[in-house]
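The values are calculated or read from the model by the stated rules, or taken from the named source; none is laboratory data. Quick caveat, the model's predicted, so the values are computed rather than measured. Here Cβ is always computed from backbone atoms with ideal geometry, including for glycine, and neighbour counts include all displayed protein chains. Quick note on the areas: whole protein, heavy atoms, side chains included, nothing else; ligands and nucleic acids left out. Shrake-Rupley method; radii C 1.70, N 1.55, O 1.52, S 1.80 Å.
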Amino acid sequence: MLDTVPADLETALRAALPAAAFPELGAQYLEEPRGRYAGTGGLLVAPGATEEVATVLRLANTHRVGVIPYSGGTGLVGGQIAPEGAPPVILSLQRMTAIRAVHPSENVLVAEAGAILAEVQAAAEGVGRLFPLSLASEGSARVGGVLATNAGGVNVLRYGNARDLCLGVEAVMANGEIWHGLTRLRKNNMGYDLRNLLIGAEGTLGVITAAALRLFPRPSQHGVAMLQVATPEAALELLNLAGEVAGDAISAFELIGGMGLRFLAETMPDLRLPFADAPDWCVLIDLAGASGFDPEGALETLYTRAAEAGLVTDGIIAQSEGQVAELWAVRETIPEANRRIGSVSSHDISVPLSQIPEFITEATAALNAMGRYRINCFGHVGDGNLHYNVFPMPGETRADHEADRPAIKRCVHDIVHAMGGSVSAEHGIGRLKVEDLERYGDPVKLAAMRAIKDALDPNGILNPGAVLRQRG
């Protein structure tokens, strides 16, 4: 039988909350996508309203029992799992899924934290608007989780991270008090910005229960192309040229390495790939605009000018919505191919745009000096975020190189840090990168973070061990 929280806390919670708030603790609550962490147990509680979340935190704080906020479970840094310590309360927002309000004239949608990201996108579409946050996991990721991790995705270049798409939040603090910060205002300078403090804090400072999200006019014209480039340097030059041709119509600009295409062919042979032979590098460009904008024409102009400049060697411009979907499926399925291959070490990093080619060259050379690996480099090159992942050679598994993982991660992260980059671009710190934050983080910032944590969560119950190391 799994370990659970102290009996007196469980008794108090069951007396205060309805039976529906206590679903069965399934295996998904004790696992995470990469299999790096496993939970040891706990009590799963799924409140149905903000007041019930407040009750859970108030009682947990009184009993000094840790609370692990659980959203969609798609996080990749172990923030949703408690692999050690006393069994926690696992706080799921799965029953708080309501779209509370939609204000098309304001371009605002108010959703509870348990709402699935794809459902928010659909609700926006239903009123002719766009909620642009788009992730490979959008069919299971929830609003609370994407805000808690300040998720990025493919449209950051144009619309920004989750932080930029949120006007206000409702949240419950560690002591059970409710902060009613669900404002729909664009301008609000009433003191410290607690919204931005909670966004990206990974549930360590408070539990977001609802959010006012920004919507945008839905583009009526849409075009996608996948173009072959010889080098990452050429990809950056192509990005600059695309800006000249299409301006702010660029919604996404994704770099895809040839290894990613080969992984797709190896693990998903039925997936239609754009090129018969995988090029070393290609980019996926997505343009969207209002009525009167001609995305196909802009892409054709871009291709012609890029070819004349020697930046592209081949390409495909989608001629239908079906082809648009096919090209995007290639990019969006790479993470699943990676999962099936099994990475030795995965790195969610960002560096200044101009240093992307230098980083790729230097990191690849350093890893080649350490051993024989396959490297799949891809990501949101338009905003400097790369997923630089290291895999075993054919016939080997990641288990064969488990002892190599710390050295590989240290090698990659040292290079990123030396270039003024970040070792956590969009996935967060969780538990996986606590040591990295301590190693690479500015000491003044770390001291301020610890002071904020102590002030807002003096008993240390909120997601203990995530982001900041748990005190003994």
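Hey, can you find the accessible area per residue of the chain for me, probe 1.4 Å, expressed in square angstrom?
Details: 19790 Å² over 472 residues.
Here the per-residue accessible area is 42 Å².
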Self-check item: Sites Gln470 and Ala230, calculated FRET efficiency, Cβ-Cβ separation with R0 51 Å, nearest 0.05
Solution: 0.60
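Using 1/(1 + (r/R0)^6) with R0 = 30 angstrom and r between the beta carbons of Ile178 and Arg14, what's the FRET efficiency to the nearest 0.05? Walk me through the intermediate numbers first.
Values: r = 22 Å, r/R0 = 0.73.
E(calc), rounded to 0.05, equals 0.85.
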Quiz prompt | ³J(HN,Hα) computed for each position of the range 71-79 - Karplus, 6.51 cos²θ - 1.76 cosθ + 1.60, integer Hz, glycine/proline x | solution = 9, x, x, 8, x, 10, 10, x, x
Exercise. Average the reciprocal distances over every distinct pair of alpha-carbons in the range 226-274, invert the result, and give the Kirkwood radius in Å.
Key: 12.5 Å
Quiz prompt | Accessible carbon and sulfur surface of the chain relative to its total accessible area, %, 1.4 Å | solution = 51 percent
Self-check item: Debye log10 I(q)/I(0) for the range 199-265, one point scatterer per Cα, at q = 0.11 Å⁻¹
Solution: -0.54
Quiz item: Using unit Cβ charges (K, R positive; D, E negative) and no other charged atoms, how large, in debye to the nearest 20, is the dipole of the chain about its Cα centre?
Solution: 1240 debye
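Could you give me D for the range 148-208, from Stokes-Einstein at 20 °C and 1.002 mPa s, where the hydrodynamic radius is the Kirkwood radius over C-alpha pairs? Units µm² s⁻¹, please. Intermediate results must be reported in sequence, preceding the final value.
Values: Rh = 12.3 Å.
The diffusion coefficient I find is 174 µm²/s.
So how do 187-200, 239-252 stack up, highest first, on mean other-Cβ count within 10 Å?
Details: 187-200: 13.9, 239-252: 17.8.
Averaged packing, sorted descending, gives the order 239-252, 187-200.
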Practice problem: Output ³J(HN,Hα) for the range 203-211: one whole-Hz value per residue in order, computed from phi by the Karplus curve 6.51 cos²θ - 1.76 cosθ + 1.60 with θ = phi - 60°, and x for Gly and Pro. | Solution: x, 8, 10, x, 10, 5, 10, 7, 8
Exercise. Just tell me which lysines come within less than 21 Å, Cα to Cα, of Lys445; anything on the same chain fewer than 8 places away is out.
Key: Lys433, Lys453
Practice problem: For the range 417-431, just list the computed ³J(HN,Hα) in residue order, Karplus coefficients 6.51, -1.76 and 1.60, θ = phi - 60°, integers in Hz, with x standing in for Gly and Pro. | Solution: 4, 5, 8, x, x, 10, 8, 9, 7, 9, 8, x, 9, x, 9
Exercise. Give me D for the chain in µm² s⁻¹, whole number, from Stokes-Einstein with Rh from the Kirkwood sum over alpha-carbon pairs, 10 °C and 1.306 mPa s.
Key: 68 µm²/s
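How would you order 291-297, 232-238, 307-313, 348-354 from highest to lowest mean count of nearby Cβ atoms within 10 Å? Don't skip to the answer; put the middle values down first.
Values: 291-297: 13.9, 232-238: 21.0, 307-313: 15.7, 348-354: 18.7.
Averaged packing, sorted descending, gives the order 232-238, 348-354, 307-313, 291-297.
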Practice problem: State, to one decimal in nm, how far the label point of Arg410 lies from the label point of Ser105, with both points 7 Å from Cα in the Cβ direction. | Solution: 6.2 nm
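Given R₀ = 25 Å, what would the calculated FRET efficiency be for Ile375 paired with Glu438, taking r from the Cβ atoms and rounding to 0.05? If you can, show how the numbers build up before the last one.
Details: r = 27 Å, r/R0 = 1.07.
Working from the Cβ atoms, E equals 0.40.
Any idea what diffusion coefficient the range 400-472 gets from Stokes-Einstein, in µm²/s, Kirkwood Rh on alpha carbon pairs, 4 °C, 1.567 mPa s? Please list the in-between numbers first.
Values: Rh = 13.7 Å.
Roughly 95 µm²/s, to the nearest whole number.
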Self-check item: Anisotropy class of the range 1-134 from Cα gyration tensor, a/c 1.5 cut
Solution: oblate
